[in-house]
Amino acid sequence: MHDDGFDGELLEEELRQATAILDPVPAQLRQLAVEAFALHDLDARIAELTFDSVVDAIPVRGATDVPRMLTFRAGEVTVDVEVSAQGLMGQLLPPQQARIEVLGGPQTATSVVADDMGRFTSDAPPAGPFALRLRTGGEVVVTEWLRA
């Protein structure tokens with residue numbers, strides 16, 4: 001308590017309790033946060049989103065169910081991904097073999113393999129927040145999380 005009679009710690013605790021009662025964090029959101037943290041690789045390089053067709057492309061009038069095109073970059077590694085209702089398809093540049101995990105919230109990761117040309121496909125379209133984790137040799141690269 002300060003000289004002016006104001007106790008900041010007490011106020012903070014009372015606000016915490018009021019928030020927990022009036023606006024609690026949904027259990028599903030809390031679980032997603034815990035699982036996202038558990039999937040975090042401290043040694044992984046983060047691949048930055050450099051292109052997203054939802055934001056960067058010019059829409060075509062009358063086109064429906066257009067696949068979403070994404071490009072991620074981490075140093076010399078580029079990942080181009082097409083996300084559609086049929087799944088996802090992508091390529092690593094420079095071309096190389098890799099194991100790719102499609103991470104998706106509370107569900108377990110779906111694993112796919114990139115061939116010698118760096119190409120990969122998954123028949124399971126992401127349904128909600130997703131990210132990709134690439135394992136190439138001894139290196140791990142994780143993309144930013146996006147909503148499908």
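Structure notes:
- Selection from the stretch 94-147 of residues that are among the small types (Gly, Ala, Ser), under 19 Å from Glu82 (Cβ atoms) and surrounded by 14 or more Cβ atoms within 10 Å (Cβ to Cβ): Ala98, Gly104, Ala114, Gly118, Ser122, Ala131
- Note on the stretch 79-113: residues that are in contact (Cβ under 8 Å) with a residue 24 or more places away in the chain and in a strand (DSSP E or B) total 19.
- Residues located in the stretch 79-93, provided they are in contact with a Pro (Cβ under 8 Å, 6 or more places away or on another chain) and surrounded by fewer than 18 Cβ atoms within 10 Å (Cβ to Cβ): Glu82, Ser84, Ala85, Gln86, Gly87
No value in this document is a laboratory result; all are computed from the given coordinates. Nothing here was measured: the structure is a model prediction, and the numbers come from that model. A quick note on method: Cβ atoms are made from the backbone with ideal geometry, for glycine too, and the neighbour counts reach across all protein chains shown.
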